[in-house]
Amino acid sequence: MIEAIMKKESALNKMNEKTYLIERSKSLYQDAFERLLKDKAAVAAAVVVFFYSVIAILSSMGIIAADWNTEVGPSYSPPSASFWLGTDIFGRDVFTKIIHGTQVAMSVGLFTSLIAIPVGVILGAISGYYGGLVDELIVWFYTTISSIPSIMLIISISLIMGKGLVAVYVALGTTSWVSLCRLIRGEVMKHKNRDYVQAAQALGGSKLRQLFKHILPNVTHIVIINASLQFQIAIKSEVILSFLGIGVQSQPSWGTMIDDAKLELVGRGVWWQLVGATIAMFIIVLAFNILGDALRDALDPKLKGKN
Amino acid sequence: MLANGEIGRVSMKASFLFVQVFFCLCVLFSCSKKLDLSQKVLYQRVKAEIKGFDPIHASDSYSAREVSKVYEGLFEYHYLKRPYTLAPNLADGMPHIADDGLTYTFKIRRGVYFHDNPCFENGQGRELTAEDFVYSIMRLADPKNSSPGWWVLDEKIKGLNEWRDLQKTAEMSDYNLSIEGLKALDKYTLQFILKRPFPQFLYSLAMQFTSVVPKEAVKKYKSEFINNPVGTGAYMTETFNALSNKIVYVANPKFREKFYPTEGSEGDEERGLLKAAGKRVPFIKKIVTYIMPEHSPAWLSFLKGEVDELEIPKDNFDQAIAPDKSVTNNLSQKGVEVEVENALDVTYFAFNHTNPLLQNLNLRRAMSLAINRDKLNELFYHGLGIKAQTPIPPGIKGYDESYKNKYTAYNIQEAKSLLEQAGYKDGKGLPEIAYDTISTTVYRQIAEFFVKEMAQIGVKVKPNFNTWPQLLKKIKTRQTQIHAISWVADYPDAENFLQLLYGPNSAPGANGSNFNDSIFNQKFSHVSLMQDSSERTKLYVQLAQEVAEKVPWILGVHRTNFRLKHGWIKNYKGTEFKHGIEQYWDIDLDKKKELIAKF
């Protein structure tokens, strides 16, 4: 009996030792990852995001939902065993359309982030690091952009570029970098007077080296948090644009489905397009929000140790 | 950035919704109107605020309808006859038209008096004369009045444009100058001389813009004339206040002897529309018009019997009309009846004939055959539209009910073989065709439908969505390949539809498809100068069918409107020309009391 207890204790001690060792050597990201794994909601959210991404990739490769445009049944048949979420005005399967809509939504999130993040990070970093006239110019530029109501800006960009998915990417990408730029600028300003940067300077590191090699890695967590929030904002905006008729054309999007539902719901009582598209959007937006929050909890040094 | 905007929008939406609900409730409670069952009172609803009571400013249909209760013109549309036919109103019979087709001489009805009004001597309305028409038409042309209705006479009457130009620089418009083409020959004779033959001229004299107004009233009320109507019509305003949401009319006690028509068209007798034949109008003593822009209060008021007739709000369509196109049980128990009105319009997908690809007749025919118009009708027009066989809609002379255009059928096999003859077997070698439309929900869905239908025969179509001005600009500059559009009649004459295909009218003119066929052009320019006759109707029918088979457009449907009315309204016939029709209606008070009791 005593032996058993002793064994257990020594095992525990060993474990503690192990944990201690790992804790000492782990980096910010390792630590964050572990903290993230402890948060069940965050894990669930990450799984949802992963699941949506897989669907989007499979759909874009034409493996699933490639036949969204085929007529599978009569117009407006309600949900049933053969059509899980019913059919739309042309007798197309609503469920398949939602799957294809996932591809559109995720691609908008991805490409928008791919445009907005580099722009925001580079402009923010330059502005924060160099200060002076450069800073003033960039601040002037983003205040100007942010003073224009974003929906108006997006509408005018998509009117100029012609409508379509690419216009949506560009419109959302070029309007959504401002907040990130602001954050990065502030953070870089804070970091540039820190000891390690001064040390780098003393060692003869060039300005670009100081900025990109030393400062930027220390503000990357902001980018990651921001990206996950950016993603869901882009998805929502795409839905709104498509609802207004200036977004995605000639392929299903959650926004156009909700737009269709506008006419179907009251007169005909066709609720399944609205419900399907809304739930699909709700889940992914919620997942990104939870994930974004969890990432911030995990990555932000100021919040460390609070849980 | 966007996030902030979003949150703002959501909360704005929420508060907007709240305001809307609140507003609806307010309107609902304030709408509990007291019904007057002691006399014949008609309760109506108008959808928009009206632009006052000046005929030359009543450019929208809602204002025009209200104005036409008070004011009259030389002509009106025969209340019962279909196709729509002009009937003399203030004119005493049809005009004498000289052989050159330019000089129109009218006799004015004698014994017509203006409403009693303080603007006249002793407040007694004076007799109408031919001079009043001269004055009213000059008023329409007067640049100082900037009437939106000037287009109906622009470049039509000899000397009128010149007079108009002269007044543009003058300090005061001079109504004493004589105009060659617009003269009162004596007290009861009016003469127009046109610049060039235009048989459709008479229709402009049935429009509200050319209604007759007394110069005394304009002189007395000046800019307030718009709120102080003085006409010759069956009704006069009892209370009208531009700020109020209610207009009350009373029957004109001195209205001339005017009688309900004694002849109608097929089926009118059976429907009891001729029971009042030969009786003196108006029957209804008072009209109350509520200005109710919102659909829901209007619908609820109608259900309570507080509004006597109503255009069915889109959202309530399924509550009102059963799948078999009759009124639903709920409503029929209340004695509600439905009246179908054929809109004088045609929807179509126009080909741009300046595009070499689309000059291929077999290709056009193949595309036309690939459209399932039954489905189009079912999906987008509640299955109530009439499939168009030619550009001319029913209700207009030149429409032939028995005619079936073989290229408006749905026949995929035939379409495929025609496509092969066109040189594009299964669409091979055929470039993608652009389809321009506007970006509203329904037009987007129609575009999707069109793409799907064309895909069946291998024709690839790419939809472009535009704002309305963008689309118009593209059409006017001939940049489209196919565009979806519709045409609503300016006047009920086939000429108004056939001119859409007349070569010299090509874009930027009304012929947005730039169809230019020398045989058609020649025949059209001949028939468009003819006065109304059975011979002309025959030519219209023939010409429309000939051109329809050349498939200048892919024809869609002629739309229909539905109106509901309560069982106590009698002599009610649906019409696209609603000017002054209330004078022919009657109310069965006993029936109203009986039905209202059941509500």
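The values are calculated or read from the model by the stated rules, or taken from the named source; none is laboratory data. All values reported here derive from a predicted model rather than from experimental measurement. As a convention, Cβ positions derive from the backbone with ideal geometry for all residues, glycine included, and neighbour counts pool all protein chains shown. What goes into the accessible areas is simple: the full protein's heavy atoms, side chains included, and nothing from ligands, DNA or RNA. Shrake-Rupley method; radii C 1.70, N 1.55, O 1.52, S 1.80 Å.
So the values come out like this:
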| read-out | value |
| --- | --- |
| Test: residue in region B:130-142 that is under 30 Å from B:Tyr249 (Cβ atoms), modelled with pLDDT of 95 or more, open to solvent by 10 Å² or more (accessible area, probe 1.4 Å) and over 27 Å from the mean Cα position of the chain (by Cα) | yes |
| Filtered residue count, region B:420-442, keeping only those that are buried (at least 21 other Cβ atoms within 10 Å of the Cβ) and either closer than 17 Å to A:Ser253 by Cβ or aromatic (Phe, Trp, Tyr) (or both) | 3 |
| Selected residue [loosely packed, with under 13 Cβ neighbours inside 10 Å, in contact with a helix residue (DSSP H, G or I) (Cβ under 8 Å, 6 or more places away or on another chain) and hydrophobic (A, V, I, L, M, F, W, C)] from B:Leu185, B:Leu160, B:Leu177, B:Leu190 | B:Leu185 |
| Residue in region A:189-203 that is within 11 Å of another protein chain (Cβ to nearest Cβ), open to solvent by 10 Å² or more (accessible area, probe 1.4 Å), in a helix (DSSP H, G or I) and at pLDDT 90 or above present | no |
| Selection status of B:Glu155, at pLDDT below 95, more than 20 Å from B:Ile226 (Cα to Cα), part of a loop (DSSP other than H, G, I, E, B) and touching a Lys or Arg at 6+ places or on another chain (Cβ under 7 Å) | yes |
| Tally, over region A:138-155, of residues that are away from chain B (no Cβ under 12 Å) and surrounded by 12 or more Cβ atoms within 10 Å (Cβ to Cβ) | 3 |
| Close pairs from region B:312-339: first under 14 Å from B:Arg563 (Cβ atoms), partner at pLDDT below 80, Cβ under 6 Å, at least 6 apart | B:Phe317/A:Gly267 |
| From the options A:Leu229, A:Leu274, A:Leu299, A:Leu241, residue that is within 14 Å of chain B (Cβ to nearest Cβ) and either open to solvent by less than 10 Å² (accessible area, probe 1.4 Å) or modelled with pLDDT under 85 (or both) | A:Leu241 |
| Condition check for B:Lys570: more than 25 Å from B:Glu401 (Cα to Cα) and of a type in the set (D, E, K, R) | yes |
| Filter result for A:Ser176 (in contact with a Phe, Trp or Tyr (Cβ under 8 Å, 6 or more places away or on another chain), within 13 Å of chain B (Cβ to nearest Cβ) and crowded, with 23+ Cβ neighbours inside 10 Å) | no |
| In region B:381-406, the residues that are assigned to a loop (DSSP other than H, G, I, E, B) and of a type in the set (D, E, K, R) | B:Asp400, B:Glu401, B:Lys404, B:Lys406 |
| Matching residues, region B:298-315, being open to solvent by less than 20 Å² (accessible area, probe 1.4 Å) and either basic (Lys, Arg) or in a helix (DSSP H, G or I) (or both) | B:Ala298, B:Trp299, B:Ser301, B:Phe302 |
| Among (1) open to solvent by 10 Å² or more (accessible area, probe 1.4 Å); (2) of a type in the set (Asp, Glu); (3) over 17 Å from B:Val152 (Cβ atoms) - the single one B:Glu76 does not satisfy | (3) |
| Of the criteria (1) open to solvent by 10 Å² or more (accessible area, probe 1.4 Å); (2) away from chain A (no Cβ under 14 Å); (3) at positive phi, which one B:Ser402 fails | (3) |
| Test for B:Asn464: is it under 33 Å from the mean Cα position of the chain (by Cα), surrounded by 15 or more Cβ atoms within 10 Å (Cβ to Cβ) and more than 11 Å from every other protein chain (Cβ to nearest Cβ) | no |
